[in-house]
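Each remark here refers to the structure printed beneath this line.
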C-alpha cells in the first residue's frame, strides 16, 4: 500500500468516526429549533450557518469520543471499527474529537452567549454519556435524550427571548431519543422484550405529543398529520418487530430507522410552527442522510 492510499484510508477512517449520516439529523434539530423561535432565515443567514457548524462540531465530537471511550470494548465486539482496526489511532481520535467540540462551542459563541452556554452543556452531556451514561439502563437513555433536546434548544437560541417560551419542546426529542437508546441496548447481543415495550410506549407518547403540538396551531394541523403518519410508519413498524422478536438484527434495524427518522420528527415540529414549506425544507435532509447511511454506520 503506497503512502497516498494509506493517507486516504486514514482520512476515511476519521470521517467514519463522525457518523456523517447522523450529523445531518443534528442539522434538522437546529432547523426545527429555529422554526420554533419564529426566526426568518433570510434575515440573518450567518447566525443559521454558525449554528449548523456548531451542531456539526458538537455531534461529530460526541460520537468520535463514543468510539474513543469504547475502544477496548470494540476491539472485542466490533474490531472492524476505525480505532480497533488500526485505521485511526486512539490519540488521533481523541484529538480530533476535542477539536470538533471546540469548533462547535466557538461557532455557537458567534451567535450569542446563551447559544455558547447551551453548546457547552450539550458537549458536557455528550461526554458524560460516552464515558458513563450509556452503561446505565435508565440514565443512559435520559442522558442521550438531553443531548438531542439541547441541540434543538440550540436552534431556538437564535432568538434568545424565545427560549423561555419554547423550552418544553426539548421534551419531544428527549423522549424520542430515550426510546431509541433504550431499545439500542440490545444492538450487539439482542435485547429484552420488556425494554422494547418501554421504548414502544415512549415512542407512542412522542407521536401523541406531535399531534398535540400541531393542534396548538390549527392552521398547520392538516399539514402536520401527513408528517406524523410518515414518522409512525417509519418508526413504529420496526419497533414492533424488535419487541416481538428482540434479535440483534431487528434491534439494529429499529435503531437505524429511528435515528434517520429524527429528520421526520424535526420536520413535523418545523411544520407545526412555520408551515408546510419549511417542514418540507427540513424533510429534504432525509434522503441526504439515507444516502450517507449507505456509506457510513448509523448508531
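Where only DSSP H runs of four or more residues are counted, the chain gives -26000 deg cm²/dmol as its mean residue ellipticity at 222 nm, each run worth -39500 (n - 2.57).
With both labels modelled 7 Å from their Cα along Cα-to-Cβ, the residue 295 to residue 276 distance reads 3.3 nm. Summarising the overall dimensions of region 81-210 from its C-alpha atoms, the Rg and Dmax are 16.7, 48 angstrom. Here the peptides 246-252, 178-184, 148-154 are ranked by packing, the mean other Cβ count within 10 Å, and the order with the highest first is 148-154, 178-184, 246-252. Straightening the chain between residue 75 and residue 201 buys 41.9 nm, computed as 0.36 nm per residue apart minus the Cα-Cα spacing. The alpha carbon centroids of region 52-105 and region 239-299 are separated by 22 Å. Entry note, the chain: relative contact order of 23 percent, from Cα contacts under 8 Å with a spacing of 6+ residues. Label-to-label distance for residue 49 and residue 12 is 3.1 nm, based on points extended 7 Å past Cα in the beta-carbon direction. A viscosity of 0.890 mPa s and a temperature of 25 °C, combined with the Kirkwood radius over Cα pairs in Stokes-Einstein, give a translational diffusion coefficient for region 1-143 of 152 µm²/s.
Just so you know, all these numbers are worked out from the coordinates, no wet-lab data involved. Since we're looking at a predicted model, the values are computed, not measured. Positions of Cβ are generated from backbone atoms using ideal geometry, with glycine treated the same way; all protein chains shown enter the neighbour counts.
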